[in-house]
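All remarks here apply to the structure that follows.
The values are calculated or read from the model by the stated rules, or taken from the named source; none is laboratory data. Nothing here was measured: the structure is a model prediction, and the numbers come from that model. In this analysis, Cβ positions are derived from the backbone assuming ideal geometry, glycine residues included, and neighbour counts consider all displayed protein chains. Keep in mind that these areas ignore ligands, DNA and RNA; they rest on the heavy atoms of the full protein, side chains included. Shrake-Rupley method; radii C 1.70, N 1.55, O 1.52, S 1.80 Å.
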Amino acid sequence: MTGRFAPSPTGDLHLGNLRTALAAWLAARSTGRGFVVRMEDLDRATSSPDHEARQLADLAALGIDWDGPVVRQSERFDLYRAAIGRLRDQGLVYPCYCTRREVRAEIEQAPRAPHVHLPDGAYPGTCRDLTDTERAARERAGRRPAWRLRTNGEVIELVDGIAGRFSGAVDDVVLARADGVPAYNLAVVVDDAEQGVTQVVRGDDLLSSTPRQVQLQRLLGLPQPEYLHVPLVLGEDEQRLAKRHGAVTLVDLAAAGWSAGEVLTTLAVSLGLADHGESVTIDQLVDRFDSERVPRSAVHLVDLQRSTS
């Protein structure tokens, strides 16, 4: 049994990322699981070995360790393409010639099903029933297709370890981009199964995409891990924490006088595992961890900053 943390190496980890990493590590270690780190570097244009090295150093500074070598998605394209091939053999893959702008416009105009959670950017099905003539015309115009999963409006229900019962519809998710790069939702499903991941702890901004991944697991005959989606850290603007919100990385905080231990304690307080003003070690947190103690609503950066004052 294994847990994991899977960042994208496109910048330094901020407090929100580190909080999720800590929760994932504690959830795994407190239940005797192994723990792996995977770099989701599918897009080599935005990913960087330097960012990866700094992310790994920040995890280690907090006391977060991992088992085995770090796995990189950029080195696993053959696995993803084989999975797409299996879906294609089932008649479940079709070409999509839409640009992102066209998809956004279609989404804005499409009616939303009442009382059903749709994933962010849910595809309205523009290209799923094109004729051979229509596809040929798009290709003559120089459009290269992405490849999408053909679905049938399935609604997937799951019980999340933090968010509780969740029901979401599955759309025709992208499996591979027009440039041939495999897409996130497919890659993460293949990776979790191949690495033996049985527990996925991540930010709750990904909860709406989980039904997509469960559907892919079922179609590919892969096991479904346990999911725990942790509420995000938000900035003053009520948006997901980012570099623009100020001193939010370990380097920033060190420059402001924070030690790694103080950051660890601050994150522990935000997860309901320590009291304000208390100093804790990561080993103590393993014994304390309980997903029931994790707050069910978002945490604000200002509250994290207050926990050390």
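Of all the criteria given as (1) touching a residue at least 60 places away in the same chain (Cβ under 8 Å); (2) part of a loop (DSSP other than H, G, I, E, B); (3) among the aliphatic types (A, V, I, L, M), the one not satisfied by Ala24 is (2). Within the stretch 72-111, the set of residues being farther than 13 Å from Ala122 by Cα, surrounded by 14 or more Cβ atoms within 10 Å (Cβ to Cβ) and under 22 Å from the mean Cα position of the chain (by Cα) comprises Arg72, Gln73, Ser74, Arg76, Phe77, Leu79, Tyr80, Arg81, Ala83, Ile84.
In the stretch 87-101, the residues that are over 19 Å from Asp132 (Cα atoms) and outside any helix (DSSP H, G or I) reach residues that are of a type in the set (A, V, I, L, M) and modelled with pLDDT of 95 or more with C-beta atoms within less than 8 angstrom, at least six apart or across chains, in these pairs: Gln90/Leu219. Asp43 meets each of the listed conditions (1) modelled with pLDDT of 95 or more; (2) open to solvent by less than 60 Å² (accessible area, probe 1.4 Å) apart from (1).
None of Ser279, Ser259, Ser291, Ser270 is closer than 21 Å to Glu238 by Cα and of a type outside the set (A, V, I, L, M) except Ser270. In the stretch 45-65, the qualifying residues are those that are free of Cβ contacts under 8 Å to residues at least 40 places away in the same chain and not in a loop (DSSP other than H, G, I, E, B), and the one that is farthest from Leu22 (Cα to Cα) is Asp50. One residue stands out among those in the stretch 212-251 that are of a type in the set (D, E, K, R) and closer than 26 Å to Leu87 by Cβ: the one that is nearest to the chain's Cα centre (by Cα), which is Arg212. Of all residues in the stretch 271-302, those satisfying the criterion of being under 24 Å from the mean Cα position of the chain (by Cα) and of a type in the set (Asp, Glu) are Asp290, Glu292. For Ala268, indicate whether it is at negative phi, among the aliphatic types (A, V, I, L, M) and more than 24 Å from the chain's Cα centre (by Cα). Taking the combined requirement at face value, the residue does not satisfy it. Only one of the numbered conditions (1) crowded, with 20+ Cβ neighbours inside 10 Å; (2) closer than 22 Å to Leu22 by Cα is violated by Gln195, and that is (1).
Okay, residues lined up against (1) under 30 Å from Thr151 (Cα atoms); (2) of a type in the set (Phe, Trp, Tyr):
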{"site": "Leu62", "(1), (2)": "no, no"}
{"site": "Asp67", "(1), (2)": "no, no"}
{"site": "Arg76", "(1), (2)": "yes, no"}
{"site": "Tyr80", "(1), (2)": "yes, yes"}
{"site": "Ala83", "(1), (2)": "yes, no"}
{"site": "Arg88", "(1), (2)": "yes, no"}
{"site": "Gly91", "(1), (2)": "yes, no"}
{"site": "Tyr97", "(1), (2)": "yes, yes"}
{"site": "Arg100", "(1), (2)": "yes, no"}
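Looking at Gly180, Gly142, Gly164, which one is open to solvent by 50 Å² or more (accessible area, probe 1.4 Å), without any contact (Cβ under 8 Å) to a residue 40 or more places away in the chain and on the phi > 0 side of the Ramachandran plot? Result of the check over Gly180, Gly142, Gly164: Gly142. Can you tell me which residue in the stretch 198-237 is most open to solvent (accessible area, probe 1.4 Å), limited to those that are assigned to a strand (DSSP E or B) and not aliphatic (A, V, I, L, M)? Once the filter is applied, the top-ranked residue is Glu226.
Filtering the stretch 266-296 to residues that are within 18 Å of Gly164 (Cβ to Cβ), charged (D, E, K, R) and assigned to a helix (DSSP H, G or I) leaves Glu292, Arg293.
Please enumerate the residues belonging to the stretch 27-42 that are more than 23 Å from Leu186 (Cβ to Cβ), assigned to a strand (DSSP E or B) and charged (D, E, K, R). Within the stretch 27-42, none qualify.
Scanning the stretch 144-197 for residues that are part of a loop (DSSP other than H, G, I, E, B), out of contact with any Pro (no Cβ under 7 Å at 6 or more places or on another chain), within 28 Å of Arg100 (Cβ to Cβ) and not hydrophobic (A, V, I, L, M, F, W, C) yields a total of 10.
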